[in-house]
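Data block below; observations after.
Every number here is computed from the coordinates shown, using simple stated rules; none is lab data. Just so you know, these numbers come straight off a predicted model, no measurement behind them. Heads up, the Cβs are rebuilt from the backbone with ideal geometry, glycines too, and the neighbour counts pull from every protein chain shown.
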Amino acid sequence: MSLLGKLKIDCEVISRYLIEFVRQEVLKTGLKKAIIGLSGGIDSTVVAYIAKEALGKENVYGILMPYKLSSKESVEDALKVVEDTGINHKIFEITEPADAYLNKFDGVDNLRRGNVLARLRMITLFDHSSLYGGLVVGTSNKTELLLGYGTWYGDMASSLNPIGDVYKNQIYQLARYFDVPKSIIEKKPSADLWVGQSDEDELGFSYDDADVILYHLYDLHYRIEDVVELGFSHQLVEGIAERVKRNQFKRLPPIIAKISKRTINIDFRYLRDWGL
């Protein structure tokens, strides 16, 4: 078995579980609709298919939020998902509000611009959740969350996330299971935050390598030296491990200074749906 073979999942079982997860987590709040930022990428596509099966196409809203630098293909692929699933959709161009802020500064780099766009998109999604009476369903996969490869309070924010424990390689398995449009499966992963942006180019390593390394480090609890013996460079494995540790703050609620006996998020530990 290849190293990637260890990441193979039973797509029928996992998809049923994720569909039921979305159904229960939305309906228990008294709501019945899902709001998804539909980018034309593989992660949001898989989430759209899951939400459609969980809640019915009439209760899912895919919000397309292109910026002037977004590729035409991203919008086209997102619309393929809309056509294939039959979910509701809306195109909300974010160029004007984004530039109204960005133009206040000289020399905004790609990182700052990308973070502004990601957070503006999340503002848009949560506003539409109020407009339609639904919950924002997240689209960050396990690989991205572990690496911290996302914008804090931007694309990493959501009301619930069905794919946060699904590695990128496993997302592709689910995409093939759901028979999503071929163009989405075959294109290079990209957050589409600037012209020519590629996730793997920006990260400096492939998702496949990252998935294998992360799986062995954090699912199987291998030591760095043990993962290196699988055929990876020490620099790559150690770099990924350091990145995971460095971005731990992104995966947790804001830290609260403890001055009482029952501090929120430290001692006040009720279930997420306590009181519903």
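Note on residue 142: lysines with a C-alpha under 19 Å away, same-chain residues under 8 apart excluded, are 6, 8, 168, 188, 245, 250.
Within a straight-line Cα-Cα reach of under 17 Å, residue 258 can be paired with the following aspartates and glutamates, leaving aside sequence neighbours fewer than 8 residues apart in one chain: 267.
Per-residue Karplus couplings for the stretch 8-25, computed as 6.51 cos²θ - 1.76 cosθ + 1.60 with θ equal to phi - 60°, are listed in order as 5, 10, 7, 4, 5, 5, 5, 5, 4, 5, 5, 4, 5, 4, 5, 4, 5, 5 Hz, Gly and Pro entered as x. By the beta-carbon count within 10 Å of each Cβ, the least crowded to most crowded order of 152, 274, fewest first, is 274, 152.
When the chain is treated as a GNM, springs tying every alpha-carbon pair under 10 Å, which of 135, 102, 55 comes out with the largest mean-square fluctuation? Highest fluctuation of the listed residues: 102.
Here the stretch 198-276 and the stretch 98-174 have alpha carbon centers that stand 18 Å from each other.
Full extension of the chain segment joining residue 57 with residue 106 gains 13.3 nm, where the gain is 0.36 nm per residue of separation less the Cα-Cα distance. Here the simple spin-label model places points 7 Å from the Cα toward Cβ, and for residue 126 and residue 29 these points are separated by 1.2 nm.
Bridgeable aspartates and glutamates around residue 104 (alpha carbons under 15 Å apart, same-chain partners fewer than 8 residues away excluded): 96.
Which value in deg cm²/dmol, rounded to the nearest 500, describes the helix-derived mean residue ellipticity at 222 nm for the chain, given -39,500 (n - 2.57) per DSSP H run of n ≥ 4 and division by the residue count? Walk me through the intermediate numbers first.
On the way: 12 runs with 129 residues, N = 276.
Using -39500 (n - 2.57) per qualifying helix, the result is -14000 deg cm²/dmol.
The ellipsoid equivalent to the alpha-carbon distribution of the chain has semi-axes of 27, 24, 23 angstrom, derived from the gyration tensor eigenvalues as √(5λ) and listed largest first.
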